[in-house]
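The values are calculated or read from the model by the stated rules, or taken from the named source; none is laboratory data. Model, not experiment: these values are computed from the prediction. Every residue, glycine as well, gets a Cβ built from its backbone with ideal geometry; the counts of neighbours run over all protein chains shown. Note: accessible area is taken over every heavy atom of the protein model, side chains too, but ligands, DNA and RNA are not part of it. Shrake-Rupley method; radii C 1.70, N 1.55, O 1.52, S 1.80 Å.
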Amino acid sequence: MDQTLLSYIIVLSFIVIIMALLILRKLLMHKGEHGKIEIGNGQTIGRRAEQDDYFSTVETKVGTMAVLADGISGLANGRMASTIAVTTFIQEFMKQKSIANIQSYFKETALTSNRMIVENLNGSNGGTTLVAAVIDKEGFLHWGAVGDSVITLFRNGEFIAINQKHIFESVLKERYISGEISQLEVQENPLKKRLINYLGYEGFKNLDTGNKPIQLKRGDKVCLFSDGVYDTLTEVEMERILSQHAPPYDIAQNIIKAVEQKRLKNQDNATIVILEKTWA
């Protein structure tokens, strides 16, 4: 065999082996994983004197977590309450060894956060809403929520509601369904947006959690909003921005830009966190 041809064959074989090893390495790295999670966030203080929203994200062997808390405007110590809540949820999640304990984690951490906030308030007014989302390594969404901040799933151009708001309007709607009051009385009640459950409340009831995890699909965006976002933008406006082919961070920033461009006189703090599943 010609020496030059033999050299080409040896080099080609070497290249094929290297490529095969690289493909095998990639397959082994992704074995058992069902998705990569990209994170984006955005925030504005609005027209408030203080930023009472607080958020954080973390990735562990158990999964990817995002937490958002909105310190209650009009009450003192909102910033303190939201910071304690988010910090506690993140710290406790980092201690988790298995996703199997996630329900207990949500409930127990909510009670711990509430107790810590009440103790720090020492009789003063204060409190915070909180929404927490965990996407485990198998691509399932687990969540917990209290107050009126929102977790929603954006899939194929539409929102899928995840949690219910803990506001007086929900009580009014139950009374309407039972025939006690009219729909007009629900709509015109000036207290309908008042919180009836939140962290830092001595009568704190519970943190809502999902009955079962939600399996995510490629391209799904799990969105956490404070009320400064959803009270400012319409669902159509948010859908248009979330449908953009851009990284989650850019989309979150565009949501906040749209909020600021409204130039509302009493614009509340506004925060968004996006977790996007980018491959299956």
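The table below gives the values:
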quantity	calculated
Conditions (1) of a type in the set (Val, Ile, Thr); (2) outside any loop (DSSP other than H, G, I, E, B); (3) closer than 25 Å to Gly42 by Cβ: number failed by Val186	(3)
Extreme residue, farthest from Ile37 (Cα to Cα), among residues of segment 259-280 that are of a type in the set (Asp, Glu) and open to solvent by less than 30 Å² (accessible area, probe 1.4 Å)	Asp268
Cβ pairs under 6 Å, 6+ apart, first in segment 232-243 and closer than 21 Å to Gln267 by Cα, second surrounded by 14 or more Cβ atoms within 10 Å (Cβ to Cβ) and not β-branched (Val, Ile, Thr)	Leu233/Ala258; Ile241/Asn254
Yes/no for Glu239 being open to solvent by 70 Å² or more (accessible area, probe 1.4 Å), under 21 Å from Gly219 (Cβ atoms) and in contact with a Phe, Trp or Tyr (Cβ under 9 Å, 6 or more places away or on another chain)	no
Subset of segment 217-229 [over 14 Å from the mean Cα position of the chain (by Cα), within 23 Å of Ile135 (Cα to Cα) and open to solvent by less than 50 Å² (accessible area, probe 1.4 Å)]	Gly219
Those strands (runs of 3 or more DSSP E) lying entirely in segment 73-164 with at least 2 residues in the same structural domain as Lys205 (by the TED database), open to solvent by 60 Å² or more (accessible area, probe 1.4 Å) and over 21 Å from Ala270 (Cβ atoms)	158-161
Given (1) open to solvent by less than 70 Å² (accessible area, probe 1.4 Å); (2) touching a residue at least 40 places away in the same chain (Cβ under 8 Å); (3) outside any helix (DSSP H, G or I), index of the condition Ala246 fails	(2)
